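To start, the structure under review is shown below, and the notes come after it.
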Amino acid sequence: MKNALLAKIRSLPETSGVYIFKNKKNEIIYIGKAIKLKRRVQSYFRESSWRDEKTKKIAEEASDLEFIVVPTEREALLLEANLIHKHKPRYNILLKESRFYPYIYISNDEFPYVELRRDRKKPGTYFGPYTSARLVRTMLELLERIFKIRSCSQELSRIKKACFLYHLRMCSAPCIGKISMEEYQKNLSGFIEFLEGNTLKVRNSLEKRMYKLAENLQFEQAKEIRDVLDSMDRLYSRQAVDVPQDLSVDVVAQSSGIVTLLEIRGGMLLGKLVYEFPDGTIFDFISQFYFAEQKRLPKNLLVLALNRNEISQISSYFEYVGKPRNEFEARLMKIALENIAEEFRKRLSYF
């Protein structure tokens with residue numbers, strides 16, 4: 001069996017791709033990526049590599065190999081992350097959530113609905129994860145008042161009359177034809193834009209609409225928008241960290257097997273996430289967290305301890321990736337590291 005495996009390895013191409021080791025039971029035990037497949041896979045079977053216990057165990061248990069050739073190293077990164085997430089091989093370092101975080105979910109329906117979910121099982125678009133379900137519910141209520149996207153998951157053809165949310169001006173009632181598909185999709189685009197961090201653009205658009213309504217003596221509608229803007233201000237004022245409203249960034253820090261992530265969108269601190277990642281590098285975390293399950297990526301990613309090659313593999317997916325560039329960003333990184341220390345203090349208090 002080993003001879004067959006070694007013959008297969010000798011025939012591997014020297015191109016970018018993903019390799020998949022299997023054991024005698026045909027179970028996937030490890031998935032990796034490489035710039036040059038043949039060279040990388042051969043390294044597992046050199047005794048000089050066996051100082052690493054995991055490499056030695058993979059070489060001992062592997063009895064078969066599959067590989068997938070891709071054009072670039074970046075594509076290998078994406079494929080590897082998704083295959084690890086799908087198969088969860090024994091020897092891959094797996095990202096484990098220390099708690100169940102909420103997501104904002106947008107369905108794939110003709111007139112999509114939105115809801116808060118704690119899993120990613122349904123097909124559709126997900127934003128998050130977020131730390132606070134209360135914050136997400138407050139934000140969803142605000143966004144429903146602005147964009148009037150439906151929050152019910154019922155089959156629209158079965159609905160005969162609008163619900164109370166339509167009368168509260170929190171839903172555009174596509175169920176009874178009160179809004180066209182084109183207008184609904186336009187509202188949904190604004191909803192997504194807000195979640196992606198373009199909150200200033202949304203705010204400026206609301207202010208312009210409010211002033212125009214006031215000029216046309218439509219004071220009731222103008223007051224409604226003013227109330228929405230006041231709600232938006234209150235949402236920002238609750239934050240413990242003062243953040244510019246044009247900032248959208250993730251801040252990732254790692255220490256002693258714990259990773260913390262600050263998620264900031266449009267100047268709003270939406271999450272202080274904590275993950276257990278005992279044996280992996282910060283690059284392993286980034287690969288699994290961002291590139292599995294087609295997560296929405298932040299514009300900017302602040303992270304320490306990435307080398308040039310690792311940055312080059314992922315730089316095209318972000319406007320900026322690397323160390324803090326100024327004093328304010330350095331303060332955000334410090335907050336992320338302080339959250340790791342706080343997590344340790346919590347765990348020590350249990351003993």
Exercise. Would you call residue 87 surrounded by fewer than 20 Cβ atoms within 10 Å (Cβ to Cβ) and under 30 Å from residue 62 (Cβ atoms)?
Worked result: yes
Exercise. Just one of the numbered conditions (1) under 27 Å from the mean Cα position of the chain (by Cα); (2) aromatic (Phe, Trp, Tyr); (3) not in a strand (DSSP E or B) is not true of residue 105; which one?
Worked result: (3)
Exercise. In the set 314, 286, which member is without any contact (Cβ under 8 Å) to a residue 60 or more places away in the chain, assigned to a helix (DSSP H, G or I) and within 15 Å of the chain's Cα centre (by Cα)?
Worked result: 286
Exercise. Going by the conditions given, is residue 176 free of Cβ contacts under 8 Å to residues at least 40 places away in the same chain, of a type in the set (A, V, I, L, M) and open to solvent by 50 Å² or more (accessible area, probe 1.4 Å)?
Worked result: yes
Problem set entry | Single unsatisfied condition, residue 256 versus (1) modelled with pLDDT under 80; (2) open to solvent by 20 Å² or more (accessible area, probe 1.4 Å); (3) at positive phi | (1)
For this session: Give the stretch 281-297 a look and list any residue that's within 25 Å of residue 256 (Cα to Cα) and not charged (D, E, K, R), or say none.
Result: 281, 282, 283, 285, 286, 287, 288, 289, 290, 291, 292
Exercise. If you check 135, 116, which single one turns out to be modelled with pLDDT under 85 and either within 17 Å of the chain's Cα centre (by Cα) or not in a loop (DSSP other than H, G, I, E, B) (or both)?
Worked result: 135
Exercise. Are any residues in the stretch 226-253 assigned to a strand (DSSP E or B) and either closer than 20 Å to residue 194 by Cβ or at pLDDT below 80 (or both), and if so, which ones?
Worked result: 249, 250
For this session: Those residues that are assigned to a loop (DSSP other than H, G, I, E, B), open to solvent by 30 Å² or more (accessible area, probe 1.4 Å) and under 22 Å from residue 232 (Cβ atoms), I need them from the stretch 142-169; list them, please.
Result: 148, 151, 168, 169
Problem set entry | residue 308 being open to solvent by 10 Å² or more (accessible area, probe 1.4 Å) and more than 23 Å from residue 126 (Cβ to Cβ) | yes
Problem set entry | Residue check, residue 344 touching a residue at least 12 places away in the same chain (Cβ under 8 Å), assigned to a helix (DSSP H, G or I) and open to solvent by less than 20 Å² (accessible area, probe 1.4 Å) | no
Exercise. In this structure, is residue 94 assigned to a loop (DSSP other than H, G, I, E, B), open to solvent by 30 Å² or more (accessible area, probe 1.4 Å), among the aliphatic types (A, V, I, L, M) and under 29 Å from residue 16 (Cβ atoms)?
Worked result: yes
Problem set entry | Qualifying position, being closer than 20 Å to residue 291 by Cβ, open to solvent by 20 Å² or more (accessible area, probe 1.4 Å) and of a type outside the set (Lys, Arg), among 131, 138, 125 | 125
For this session: Please give the helices (runs of 4 or more DSSP H) falling wholly within the stretch 1-72 in which 1 or more residues are within 19 Å of residue 89 (Cβ to Cβ), open to solvent by less than 80 Å² (accessible area, probe 1.4 Å) and modelled with pLDDT under 90.
Result: 2-10, 53-61
Seminar exercise, completed: Listed by first then second residue, the pairs whose first member lies in the stretch 263-282 and is without any contact (Cβ under 8 Å) to a residue 24 or more places away in the chain and crowded, with 23+ Cβ neighbours inside 10 Å, whose partner is part of a strand (DSSP E or B) and not basic (Lys, Arg), with beta carbons under 6 Å and at least 6 positions apart or on separate chains, are none
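The values are calculated or read from the model by the stated rules, or taken from the named source; none is laboratory data. Model, not experiment: these values are computed from the prediction. Cβ coordinates were reconstructed from backbone atoms using ideal geometry, including for glycine residues, and neighbour counts include every protein chain displayed. Accessible surface is based on the protein model in full, side chains and every heavy atom, while ligands, DNA and RNA are left aside. Shrake-Rupley method; radii C 1.70, N 1.55, O 1.52, S 1.80 Å.
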